[in-house]
Each structure stands twice: as C-alpha cells, then as structure tokens.
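The values are calculated or read from the model by the stated rules, or taken from the named source; none is laboratory data. What you see is a predicted model, and the numbers here were worked out from it, not measured in a lab. Counting neighbours? That spans all protein chains shown, and the Cβs are built from the backbone with ideal geometry, glycine included.
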Amino acid sequence: MTIGGQMTQGEDVKTAKPTGARYRPVQSAATSPDQANQSPRIVVIGGGFTGLAAAYEALKQGAQVTVLEADRVAGGLAACFEVKGEQLERFYHFWYNTDQHLLRLVDELELNEEVVVRPSATGMYYAGSLFRLATPLDVLRFKPLSLINRLRLGLLVLAARRIKSWRDLDHVSAAEWLSKLCGKEVFRVVWEPLLLGKFGKHAYDVSAAWFWAKLLLRGGSRGKGGAENLMYFKGGFKALVDYLVAEIRRRGGNVRYGMPATGLEVRDGVVTGVRCADGLLPCDGVIATTALPIIADVIEGHVDRDYGARLRKIGYLGNVCLVLELKHSLSELYWMNVNDPSFPFVGIIEHTNFEPLWPGKNRHIVYLSKYLSTDDPVYAMSDLDLLHFALPHIQRMFPSFNRDWIIDHHVWRADYAQPLAVTGYAELIPDNDTPIEGFKIASMAQIYPEDRGTNHAIREGRLVAGLLVEELRSKLGAGVNGAAAGNRLVSRPNKG
C-alpha cells in the first residue's frame, strides 16, 4: 500500500534466508605496481550505494578506482547518524525480500547472517481514524470502502500482473489508470490522497507505468497468507556501507569524503580527469551516480547546451524528514500512510516497531516524511520551526501525545529525493553513455518504470561499471584482470 518509502525491487520473488559466515577481512587485494600500470583508472562520482557498488565491481574487474563523495559520510540517502549508540538512517529505509541484487552482494561479502527478516505492520490514517492494512483480511475490514470496493482494492495487484508491458502505460496517468482499474471510490479514498501527499501539484501527472511497477513490487513481498515480510541489516544501513567501503579499500580503491567533483578535463572528446578541491584527478573513465542536475553541472562546457538541458529536464522532489525520539510509542504500526490532505506529512514510520533498537527501554524512533519542492517554505524552515509546525498535526492524530514525550528531534533534507516520473517519462531518460567518451551515468532517474532504492542502485552501479571496464580494456589493450568481464552476474531485467 505504501508509495512514499525508499523502495527496491528484485527480478524474482525470493524469501531471504540468512545463512553463511560473517564478513572477515582477508589479506590485501590491492593492485600491484605492475598491474596498476596496465589498469584503467576510474573515478566514481558519488558515494551512495550506486557509486559504492560501481567501485566494488570495477575493482573486482581489475581497475583502479577512486570514489569522490561530497558528504562527510558514504551512503547517499541511506547515510546514517547516531542515536544512543545505535545507527539510524537519515531517511527511513528497508529492503524487500525480493531484492536479488542486494542479496547477491551481501552473499559475496559473506554477510548473510547480518540480514534480518521481520513482518511489517502497515496501516492508514483516514477520516480521523487509524486502520490496520497489513493482511488481506485487514483490507476486507476496511470500512471506508464498500464491500465490493474492498475486494477491488484487494485484487488490484492481480489485475496489475495481467499487464505484460509497462510501455503501454507510459503515456497514461496513474490517476486515470487507477480510477479505471479499481473504481472512483477506491481511487478517492486510497490512492488519490497518497498521490497528492507525495507529489503535490504533480499528482495527476505521475505515470501509470511507475505506479504499476510499485504495485508489483509490493505484491511480490508478501507471503502465502498475504502478510508482508521486509528485511533490514543488523547495525543499520551504515554497517553494510562500512563493510562495502572496507572491501573497496582492501581491493586497493580509495573513498574520499567531503570531496565533490567540480568539473572535468576533456581532451578530443575523451574524459581524462575529474576536478575537485584537491585539483585534477587523472583518469581513463568516469561513472557519475549523483542526481542528473548535479551531473549536468559537472560536465558543463564539455557538451552542447541541448544535452545539458536534457539532463535538467527531469524534475525532482526534495524531502524533509523529521526524526523524533519519543518516550512512548505512537501506535503498533511500523508504516502508516496518511490519507488526509490536511496533514502535511505523507507517512509516519515508527522504526522501532520494525527494528527494536532498545528493547524494554522507553525510547521510540518515529520518522515523519514530506516530499516537496526545494523552494517550498517548509523546506527552508529551521529544525525547531519544523518541529513546532508538526506538533499540532501529530496531536490531532494521536490525542494522547504531548510535547513531554519528545526526548530529542533531528531533521534531514535531500534536494533530489525523488525523480518525477511523469507521463511520457521513458522519452526523457538519458542513456548511460554520454557525448563524452569514457564518461557514463548511472542514476536512479534512469531505472524507470522502477523506483529508486538500494537494490536497483546496486544493480545499476555494477552493470555500468562492468560496461565501462570492458570498454576501457578494449581501448587501452591493457592487461586488466579479465575474470569478471565474461562472467558478470549483473543485468537488467527485461522490462517489456
């Protein structure tokens, strides 16, 4: 039912069964001097999961790699902060049990035992009441809809599965498609408030293909009884990021923090270096994994204006996330969709109802998420003003809540949290290749109709890295380690 989270998707339905040994660092796999003279030098721009996965894959295939990350920590939208000795994602995250590329990477790092699988309790706030919607039986009890429309809502995923090609939906709006598929009442009560809550003025332009992919994803995460199981990593996403960074460094790679790319050196149409605060970093190839407008800034002056304008044509929503540390729990639910247009946050995620960080302790973590344009006045609020802005709305939804419950609060903002997948989006997507030879893009704006998330980030990073190393090997004619080139396990699914 959720459309507001950090979503991921796998190619096949598979329940994670954590097995295997914990990750143990082994002897250095750094490139030897002789190999270094023959290996392509690759700079990865961005240290989120796409960039880290790209660096890992390129190193496996024998390249020399440097990752440039603008933030002081790696992880991108999955970066974490510390609360009472525990790591929390700045923006709520989880994984689906169908996230095959993620599970493959975890297996390669021998970290299977660090993955936990837990049931998810979801619900909806509508017309002043809270409804649990975690199972098919809960849907049948959802009184805001008539019985026939409860059935139509419950059968929506099955109806979506009958669609063979997402391309048939690319020029159809989600609002139009959902209204026809499940009826006006279901759309008005369930889907329209969520679209408005997340996309605001863009709600009626969102592509049906994007929504279709999210329905299939969510439906694939449910077990035989219809209940949903989700995955998490022990120690939070930071733990996996730390393992991956350690593996990159063990293989001879370099991850540099607080070091955004500011430009390129290009000779005869070929990228030869990346500019950063420390000067010019020579290279043979680049993989840019940040949001498209940032990439457009980096390559400006080396491509024609039309290409730069195309990268900037895809719109984004920002996100502001208020994280509360509370003495008491708000509800029994992990994820609550807010189907109330007067409530300024699209979702309330009580993380400790999914991942119990302090069992038996009076400390609960709640995320309140709002997607919005970065020029929205709410985005510019101070942390304290945002808290004061949210308090009356929380009290209206949970009458027993009061200010004394708050132990602390944190606010995180992301300028490029959600690409705007509007109708006709497929025609806007740039290729991984660019007009600059050796410069490739691997962005979450390119994976449509799928939505951004850790699983897809890993898939795209590894795929594009493999393609670049293969091209550079052919160009340089050098003795790059060819073990992975002919045996890559990464590919995009056939999306129709």
Failed item, numbered, when VAL44 is tested on (1) modelled with pLDDT under 95; (2) part of a strand (DSSP E or B); (3) of a type in the set (A, V, I, L, M): (1)
Condition broken by GLU110, with the remaining ones in (1) acidic (Asp, Glu); (2) assigned to a helix (DSSP H, G or I); (3) in contact (Cβ under 8 Å) with a residue 40 or more places away in the chain satisfied: (2)
Qualifying position, being closer than 15 Å to LYS198 by Cβ and not assigned by TED's automatic domain parsing to the domain that holds LEU169, among ASP376, ASP383: ASP376
Among the candidates LEU158, LEU103, LEU181, residue that is closer than 30 Å to TYR243 by Cβ, part of a helix (DSSP H, G or I) and not small (Gly, Ala, Ser): LEU103
Any chance LEU130 is surrounded by fewer than 23 Cβ atoms within 10 Å (Cβ to Cβ) and in contact (Cβ under 8 Å) with a residue 60 or more places away in the chain: yes
Qualifying residue in the stretch 71-83 (condition: in the same structural domain as ALA291 (by TED's automatic domain parsing) and over 25 Å from ARG256 (Cβ atoms)): yes
Residue check for GLU325: at pLDDT 95 or above, closer than 23 Å to GLY123 by Cα and among the charged types (D, E, K, R): yes
Total residues in the stretch 99-111, condition surrounded by fewer than 23 Cβ atoms within 10 Å (Cβ to Cβ) and over 22 Å from LEU59 (Cα atoms): 0
